[in-house]
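Undergrad: Here it is, the structure in full.
The values are calculated or read from the model by the stated rules, or taken from the named source; none is laboratory data. The structure presented is a predicted model; accordingly, all values stated were derived computationally and were not measured. Virtual Cβ from ideal backbone geometry, glycine too; neighbours counted across all protein chains shown. To get the accessible areas, we keep the full protein, side chains included, count just its heavy atoms, and leave off ligands, DNA and RNA. Shrake-Rupley method; radii C 1.70, N 1.55, O 1.52, S 1.80 Å.
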Amino acid sequence: MAYSQYVLVCAGTACESCRSAEIVRRLQAGVRARGLEGSVQVVRTGCFGFCAQGPVVKVLPGDHFYAQVKPEDAEEIVEEHLAKGRPVQRLLYRAPGRAAGAAAELPFYQKQFRIVLRNCGVIDPENIREYIAREGYAGLERALFEMTPDDVIEELRKSGLRGRGGAGYPTWKKWVFSKEAPANPKYIICNADEGDPGAYMDRSTLEGDPHSILEAMAIAGRTVGAQQGYIYIRAEYPLAIRRLEIAIRQAREAGLLGRDILGSGFDFDVELRLGAGAFVCGEETALIASIEGRRGMPVPRPPYPAVRGLWGKPTVINNVETLANIPVILLKGGDWFGSIGTPTSKGTKVFALTGKVNNSGLIEVPMGTTLREIIFDIGGGIKGGRRFKAAQTGGPSGGVIPEAYLDTPIDYESLAELGSIMGSGGLIVMDEDDCIVDVNKFYLEFTVDESCGKCAPCRIGGRTMYNLLTKITEGRGSVADIEQLHAVAHAMQKASLCGLGQTAPNPVLSSLRHFGEEYRIHIKDRRCPSGRCKALVTYSILPDKCIGCTLCARRCPVNCISGERRKAHVIDATRCIKCGECYEACKFGAVLRA
Amino acid sequence: MGADTEVTALPERSIELPDGISAFIEEWKDKPGNLIMVLHRVQEYYGYVPRDVAFEVAARLDVPLAKIYGVITFYHFFKLRKPGRHQIAVCMGTACYLKGGEDLIKELETILGIGLNQTTADGEFSIEAVRCVGCCGLAPVLTVDGEVYGRLTKDQLAGIIAKHRGG
Ligand SMILES: Cc1cc2nc3c(=O)[nH]c(=O)nc-3n(C[C@H](O)[C@H](O)[C@H](O)COP(=O)(O)O)c2cc1C
Ligand code: SF4
Ligand code: SF4
Ligand code: FES
């Protein structure tokens with residue numbers, strides 16, 4: 001049956017939390033009530049990426065894009081748009097300063113290029129037939145019937161695909177190591193632990209297109225000679241887990257997983273294993289320990305898991321996004337993929353664009369796109385017209401990039417040169433209200449908390465650095481502390497056992513490099529320019545600006561503001577807890593934060 | 001569920017496990033690396049890992065109790081103490097931190113009169129901080145019993161608590 005209209009509703013986690021499920025129910029009810037079910041199909045899809053404007057509803061044909069839709073709006077969309085062909089103007093998304101237009105023409109989408117997210121927001125992730133209709137499992141079919149394992153590896157080599165989990169290791173090399181390792185059985189693991197706090201690329205891919213991961217794992221199994229795959233996924237991602245369970249069941253029923261796949265004689269199956277909230281388990285040797293049911297402690301490499309991994313057997317571990325590229329590479333060819341991107345970094349990168357940016361959401365851009373294009377063209381610039389301060393990539397293992405480098409085309413090498421890393425795809429935008437020292441204290445608190453404690457450089461070094469940063473944010477810092485930060489950082493980088501400890505100092509080192517002045521202001525002037533470090537700010541009221549409206553006095557939680565109506569008010573600094581309520585409340589700019 | 005009968009027939013158990021968990025253990029018993037999956041199942045049912053259940057799991061899977069506690073204490077996700085009937089989890093991932101996740105925690109502490117990782121005297125609510133629930137576009141975010149609330153401001157919190165209280 002052919003439908004003449006399609007209504008796509010985002011059912012990613014963020015939009016579900018805004019009651020997108022209810023929107024779907026109401027749309028379906030409206031469609032039925034008008035007898036349109038033969039011509040209109042309502043589809044629950046994965047994430048459209050435009051999370052800041054969710055829940056998002058798209059109507060085809062016409063590519064009409066509705067934003068911030070409420071369940072109450074469903075009737076109107078059905079009645080006006082689907083039944084009468086008149087798009088509901090009031091709900092159509094308009095980019096600032098532009099008229100409503102087709103989704104593909106929105107500034108948010110124009111510079112994007114979707115390989116990994118090709119199906120997210122397009123298909124119903126709970127229906128294998130929709131995946132197959134978009135050439136799903138055709139890559140696996142080629143790997144089974146038209147290509148030898150060496151052909152697959154050759155395509156991957158030509159594609160230039162590098163690991164998206166952080167380190168950027170060429171995927172084909174990893175596969176060759178496993179393929180050539182003599183021991184049996186072999187395993188394929190998909191790393192869906194997504195530990196970087198503030199990033200959700202892998203979650204969205206799994207929620208929006210789970211079959212692409214299963215297909216890629218089966219291709220990997222066929223290529224290296226493995227028959228069992230595991231997806232190690234965070235327990236904090238219940239929707240992704242549910243969609244994967246459905247996908248695995250459907251793939252087994254369709255003969256695309258299990259015994260004798262498509263009559264090829266090749267057996268391959270996939271099982272889920274849940275993580276349990278330990279960042280270090282994203283590290284591959286710790287991840288293996290965790291799947292084995294133990295505490296997730298890393299062990300020294302080599303031997304690498306590709307040779308000696310799960311239960312001591314050769315194991316390919318790849319990140320979700322790395323895998324999602326693979327079916328497309330087999331279909332369109334390694335040369336095609338290799339034509340996208342920069343000389344060293346091919347294809348695209350998915351970023352979770354968040355923080356102080358207008359259009360936060362999930363985006364995919366060709367390697368070599370500049371940060372300025374991402375933040376200002378796609379992201380729509382800084383929220384509330386504030387000033388851009390820094391972009392952070394790589395989370396607790398990465399670093400900050402200041403305004404001067406916004407035009408650098410991003411790839412693995414250029415970001416490393418700037419003292420950051422590509423990382424897994426967290427991209428956090430900071431503005432003038434964010435304090436660099438405070439943010440780095442946050443990252444170190446995270447790595448100290450997540451250190452497994454096995455080796456001393458990470459366990460003790462991390463704590464020492466955290467204490468030094470605390471001192472500085474509390475106005476007790478000295479110039480010598482900066483030197484000590486450098487010294488401890490270098491020791492950690494050199495002597496830590498695993499990537500967690502080796503990279504934990506990166507945020508501090510990169511911010512000392514690009515924002516050293518801000519550290520010095522904290523230390524020498526005992527001042528925090530952004531006002532974020534409480535110990536370093538004081539609040540007072542400017543008598544000539546205060547009109548005595550009493551608003552601040554009523555808002556102060558500790559009642560330390562006094563003054564008569566229509567007369568200048570005064571803050572009792574000895575009792576002030578520096579909550580900032582008065583500063584936010586005053587409409588006349590009379591409260592001074594210094 | 002066919003495995004239940006055999007399991008309940010085993011002698012001298014310190015605690016009767018609910019059927020669902022028993023069946024799950026039977027299903028996973030012979031798979032290597034099963035412990036963490038079993039603990040997930042236990043916590044899903046009880047909200048935490050009660051001590052007598054941990055004993056029972058040790059016996060059924062034939063692993064030392066010390067190993068079970070080693071695993072539980074290593075992973076942040078597993079709880080040893082009973083949480084409130086409604087579990088409030090405030091996101092303290094980077095995006096939420098920058099947008100005031102800490103202020104949400106403080107406000108909740110004030111409203112409920114308890115600190116982080118504590119439970120109200122009536123057992124209704126507990127508060128914890130978690131790392132990124134994957135809705136950073138909606139920061140700051142919290143969840144109550146898994147239901148996500150985003151784009152929050154402090155003054156919405158009292159309403160959210162009222163909605164869940166007694167529910
Ligand atoms: C502390 C630490 C955390 C990591 N977390 C993740 C993660 O959450 N997801 C991921 O895919 N890789 C993570 N990695 C990288 C993995 O160890 C591994 O390199 C990656 O999964 C390999 O896949 P790829 O080659 O496809 O990138 C982490 C590494 C370290 C040291
Ligand atoms: S570097 Fe840190 S996380 Fe890694 S093994 Fe050492 S203590 Fe554990
Ligand atoms: S900062 Fe907070 S405590 Fe201090 S005067 Fe203002 S409202 Fe009162
Ligand atoms: S940082 Fe809070 S949801 Fe990601």
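Undergrad: If amide hydrogens are placed 1.01 Å from N in the peptide plane, which non-local residues have theirs closer than 5 Å to the one on A:Asp269?
TA: A:Gln228, A:Gly229, A:Gly258
Undergrad: When the label point is put 7 Å from the Cα of A:Glu483 along its Cα-to-beta-carbon vector, which residues of segment A:522-555 have a backbone N closer than 18 Å?
TA: From segment A:522-555, the list is A:523-524.
Undergrad: Which percent of the Cα-Cα distances in segment A:26-167 go past 28 Å?
TA: Roughly 35 percent, rounded to a whole number.
Undergrad: Now a separate question. As a test question: what accessible area, to the nearest 10 Å², does B:Asp30 have when a 1.4 Å probe is rolled over all protein chains in place?
TA: Roll a 1.4 Å probe over it and B:Asp30 shows about 140 Å².
Undergrad: For A:Gln68, enumerate residues with amide H under 5 Å from its amide H, sequence gap 5+ or separate chain, H modeled in the peptide plane.
TA: Long-range HN contacts for A:Gln68: A:Gly54.
Undergrad: Assuming 1.002 mPa s and 20 °C, estimate D for chain B with Stokes-Einstein, Rh taken as the Kirkwood radius over Cα pairs, in µm²/s.
TA: 121 µm²/s
Undergrad: At B:Asp155 and A:Arg593, where each label point lies 7 Å from the Cα along Cα→Cβ, what is the point-to-point distance in nanometres?
TA: Modelled inter-label distance: 1.8 nm.
Undergrad: Measure off 7 Å from each Cα along the Cα-to-Cβ vector at B:Arg165 and A:Glu135, then give the distance between these two points in nanometres to one decimal.
TA: Going from the B:Arg165 label point to the A:Glu135 one covers 5.7 nm.
Undergrad: Let me ask something additional. Using amide H atoms built in the peptide plane, which far-off residues or other-chain residues are under 5 Å from A:Ile189 H to H?
TA: For A:Ile189, the qualifying residues are A:Tyr230, A:Val316, A:Ile317, A:Asn318.
Undergrad: For segment B:57-114, report the convex hull volume of the alpha-carbon atoms normalised per residue, in Å³, without decimals.
TA: On the way: hull volume 6.6 nm³, N = 58.
Here the figure is 115 Å³ per residue.
Undergrad: Another question, if that's okay. In whole Hz and in residue order, list the ³J(HN,Hα) couplings for segment A:92-107 that follow from phi through the Karplus curve 6.51 cos²θ - 1.76 cosθ + 1.60, θ = phi - 60°; x for Gly and Pro.
TA: 5, 6, 10, 5, x, x, 10, 7, 5, x, 4, 4, 5, 8, 5, x
Undergrad: Let me check I have the definition right: for segment A:247-404, take the eigenvalues of the Cα gyration tensor, multiply each by 5, take square roots. What are those semi-axes in whole Å, largest first?
TA: In descending order, the three semi-axes are 35, 23, 16 Å.
Undergrad: On to the next question. Shape verdict for segment A:436-524, please, from the Cα gyration tensor: rounded (a/c under 1.5), prolate (a/b greater than b/c) or oblate.
TA: It is prolate, given that a/c is not under 1.5 and a/b is the larger ratio.
Undergrad: Now a separate question. To the nearest 20 debye, what is the magnitude of the charge dipole of chain A about its Cα centre, counting +1 on the Cβ of each Lys and Arg and -1 on the Cβ of each Asp and Glu?
TA: Computed charge dipole of chain A: roughly 1600 debye.
Undergrad: Could you tell me how many cubic angstrom of Cα convex hull volume segment A:1-92 has per residue?
TA: Cα convex hull per residue, to the nearest whole number: 81 Å³.
Undergrad: Next question, about the same structure. From largest accessible area down, sort A:Glu253, A:Glu141; use a 1.4 Å probe on the protein chains.
TA: A:Glu253, A:Glu141
Undergrad: Moving on. May I ask for the distance between the Cα centers of segment A:348-397 and segment A:15-40, given as a whole number of Å?
TA: 33 Å
Undergrad: Can you sort B:Leu39, A:Leu262 by 1.4 Å-probe accessible area, starting with the largest? List each step's numbers first, then the result.
TA: Values: B:Leu39 0, A:Leu262 70 Å².
Largest accessible area first, the list is A:Leu262, B:Leu39.
Undergrad: Okay, next question. Hey, got the average number of other protein chain Cβ atoms within 10 angstrom for residues in B:147-154?
TA: Taking all residues of B:147-154 together, the mean is 3.
Undergrad: Between the alpha-carbon centers of segment A:474-520 and segment B:141-167, tell me the distance in whole angstrom.
TA: After rounding, the separation between the Cα centres reads 38 Å.
Undergrad: Same structure, new question: If the only charges are +1 at each Lys and Arg Cβ and -1 at each Asp and Glu Cβ, what is the size of the charge dipole of segment A:56-178 around the Cα centre, to the nearest 20 debye?
TA: 700 debye
Undergrad: Moving on. Please list the equivalent ellipsoid semi-axes of segment A:103-247, computed as the square roots of five times the alpha-carbon gyration tensor eigenvalues, in descending order and whole angstrom. Write down the numbers at each step before the final one.
TA: Details: eigenvalues 134, 66, 58 Å².
Each semi-axis is √(5λ); the values are 26, 18, 17 Å.
Undergrad: Would you compute, from DSSP H runs of 4+ residues alone, the mean residue ellipticity of chain A at 222 nm, taking -39500 (n - 2.57) per run and dividing by the full residue count, rounded to the nearest 500?
TA: -10500 deg cm²/dmol
Undergrad: What is the spread of the Cα atoms of segment A:348-431 along each of their three principal axes, largest first, in whole Å?
TA: 32, 23, 21 Å, listed from the longest principal axis down.
Undergrad: Let me cross-check A:Lys545: its accessible surface, 1.4 Å probe, with only protein heavy atoms counted, in Å² to the nearest 10?
TA: Per-residue accessible area (A:Lys545): approximately 100 Å².
Undergrad: Let me ask another. Which cysteines does chain B leave without a neighbouring Cys Cβ under 4.7 Å?
TA: If one checks each Cβ against the other cysteines of chain B, B:Cys132, B:Cys135, B:Cys136 turn up with nothing under 4.7 Å.
Undergrad: Here is a further query. Cα centroids of segment A:271-340 and segment B:119-138: how far apart, whole angstrom?
TA: 30 Å
Undergrad: If you don't mind, there's one more thing I want to ask. If all Cα-Cα distances of chain A are sorted into 20 Å bins from 0 onward, what percent lands in each bin, rounded to whole numbers?
TA: Pairs per bin, as whole percents: 19, 47, 29, 5, 0.
Undergrad: Modelling each spin label as a point 7 Å along the Cα-to-Cβ direction, I'd like the A:Ala95/A:Ala491 distance in nm, to one decimal.
TA: 5.1 nm
Undergrad: HN-Hα J couplings of segment A:568-583 from phi, Karplus 6.51/-1.76/1.60, θ = phi - 60°, integer Hz, Gly and Pro as x?
TA: Each residue of segment A:568-583 in turn: 4, 8, 9, 9, 7, 4, 6, 9, 4, 9, 6, 7, x, 4, 5, 4 Hz.
Undergrad: Do any of A:Lys186/A:Lys494; A:Lys349/B:Lys31; A:Lys356/A:Lys587; A:Lys494/B:Lys67; A:Lys111/A:Lys346 go past 25 Å between their Cα atoms, and which? Could the numbers behind the result be given before it?
TA: Details: A:Lys186/A:Lys494 32 Å; A:Lys349/B:Lys31 37 Å; A:Lys356/A:Lys587 23 Å; A:Lys494/B:Lys67 32 Å; A:Lys111/A:Lys346 17 Å.
Flagged as over cut-off: A:Lys186/A:Lys494; A:Lys349/B:Lys31; A:Lys494/B:Lys67.
Undergrad: Starting at the first residue of segment A:71-81, write each ³J(HN,Hα) from the Karplus equation 6.51 cos²θ - 1.76 cosθ + 1.60 with θ = phi - 60°, in whole Hz, x for Gly and Pro.
TA: Once rounded to whole Hz, the list reads x, 5, 7, 4, 3, 5, 5, 5, 4, 7, 7.
Undergrad: Take every residue in peptide A:444-455, count the Cβ atoms of other chains within 10 Å of its Cβ, and give the average of those counts. Walk me through the numbers before you get to the answer.
TA: Values: counts 0, 2, 5, 0, 0, 2, 2, 0, 1, 1, 0, 0.
Mean partner-chain Cβ count within 10 Å for A:444-455: 1.
Undergrad: Can you give the average number of partner chain beta-carbon atoms within 10 Å of each beta-carbon in peptide A:51-58, as a whole number?
TA: So the per-residue partner count for this stretch is 2.
Undergrad: While we're here: How do A:Asp63, A:Asp150, B:Asp103 stack up against each other in accessible area, from largest to smallest, with a 1.4 angstrom probe?
TA: Final ranking, largest accessible area leading: A:Asp150, B:Asp103, A:Asp63.
Undergrad: Take every DSSP beta bridge whose two residues both sit in the protein assembly as shown, then give the antiparallel share in percent to the nearest 5.
TA: Values: 40 of 73 bridges.
DSSP beta bridges in the protein assembly as shown are roughly 55 percent antiparallel.
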